Structures are given as structure tokens and as C-alpha cells.
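Bear in mind that the values in this text are calculations on the coordinates, not laboratory data. Every value quoted in this text rests on a predicted model; they were computed, and no experiment measured them. So basically every Cβ, Gly included, is an ideal-geometry build from the backbone, and we count neighbours across all protein chains shown.
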Amino acid sequence: MQNHFIIGENTLLSKGLNLVLENLGQTEVGNLSFEDISNQILKLSEKTEFLWIVVSNEKNSPLKICKQIKIELPKSKIFVFCESKDPILVKDFLKAGISGYFLPDCSVKNIKEAIGQSEKGKIYIDPKLRLFLTQNLLEIGKSSTTLRALTKREKEILQLIVEEYTTQEIANKLFISFCTVETHRLHLIQKMGVRNTAGLVREAVARNIYQTSMNSMTF
């Protein structure tokens, strides 16, 4: 049985998350406040597989707690619920080693998918946030060096990849062959300096969105 802990204030979101996890069969669900976690982190067993951090009005502590948890419990999977779409903050959480980032209005399906993907070593980003970041990546960040190196077709394919279209679906949508899509995917991976599609998505969001934010200071 998987062990879960919800970290954060006793809000409607945390209560709802507790019910969702129980309904998904995760009956071992505990709760800790931000005040408690720093003192009790060592009491969390190595068997604690999933930690769900609900960010309400806290500012710096959730990110600090994520880093602390990954040091003490490196094998744990951390998911963050936060209403902020700030690409710098998202990047910082990803660098801290989280397994997923959700907006507060995510669906039960999102949570279930995130648990499944994390067990395969994949990072889950809320689809609404992923689409939002991708649109900014392709529109606001056009002045970045990396994006200037991408062709119009590569930008189209990049957006569809981040939106989780399969190779065949991309081929059908753009009226090109399966092999052509795979070739473009390889070129994107090479240009972004990553090893696979998952790395392509993470690096596209982390590197280019971050540069956009530094230039505009807005999102």
C-alpha cells in the first residue's frame, strides 16, 4: 500500500485532496502543517512514497520544504498545488526535484495520471499550466536564441509535443508523414540539448520561459 502525506493548512483543497486519495484506494493518508513538517520530517518513514504540498498564502517555505524533503527522503515523490503560473517559480520547484505541479482547479483524472507517471519516473505538469507556458514559450519568447534557431514547423511540433500529442496524431494534424515528425522531434532534441522528449518539455519550459520572464518581468 502506498503512503501519502498532505502538507499545508487545513483548507478545502487539502480536505478535497484527502478524499480524492482515499477514493483512489490510498487509505494511508496523513496530514502535517507547514509548522510541523520541519520538526517532524525525520519521523516520516522511508516508506512515505508521496508528499502533497498545498500552497495557500505561504511564500518561501514550500520551496524550502521541498528541498529539505528531497535531502532527507530522496526517493519520495513530491507534488505541489499552487495557483501561481510564474515560470520562475515553476522552474525552481522543478529544480528542487518535485514530481508534479498542479493548479488548484485540477481534476481527479490529473491526480491519478500524476501518480501513474511518477511511478515511471516522469514529471507531471498540470495540462492547463503546460498549455499556458507553451503559448508563452512560442509567442513571448520568440526573441530567445533557442527559439530563433527553431523553424516554423519545429515550433508547431514543439507545441503539439508539449500538449501530449503522439507522433501519429501530430502527423495527421499537420498532414505530414510519421517519419517526418520523428525527424523534427530529433532535431528539436538536438537543438534543446536534451536526451529525450520528457527532457525536451522540461528544458523548453525551464530555460526559455525563464529568459522571457527576466526580459519582461511579467507573465
If amide hydrogens are placed 1.01 Å from N in the peptide plane, which non-local residues have theirs closer than 5 Å to the one on residue 5?
30, 50, 51, 52
Excluding residues on the same chain fewer than 8 positions from residue 85, give the aspartates and glutamates whose Cα lies under 18 Å from its Cα.
58, 105, 126, 139, 163, 203
Hey, which of these cross-link pairs are over 24 Å Cα-Cα: 77/109; 77/112; 91/191; 77/155; 91/128; 15/109?
77/155
In nm, to one decimal, how far is the residue 72 label point from the residue 92 one, both placed 7 Å along Cα→Cβ?
2.1
Residue order, fewest to most surrounding Cβ atoms within 10 angstrom, among 131, 17, 89, 150
131, 89, 150, 17
Net charge near residue 105: determine it from the other residues with C-beta under 10 Å of the C-beta of residue 105, scoring Lys and Arg +1 and Asp and Glu -1.
-1
Inter-probe distance in nm under a simple model that places probes 7 Å from Cα toward Cβ, at residue 15 and residue 105
2.1
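Order 91-100, 173-182 from most to least packed using the mean count of other Cβ atoms within 10 Å.
91-100, 173-182
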Test of understanding: what is the full-extension gain from residue 196 to residue 117, defined as 0.36 nm times their sequence separation minus their Cα-Cα distance?
26.9 nm
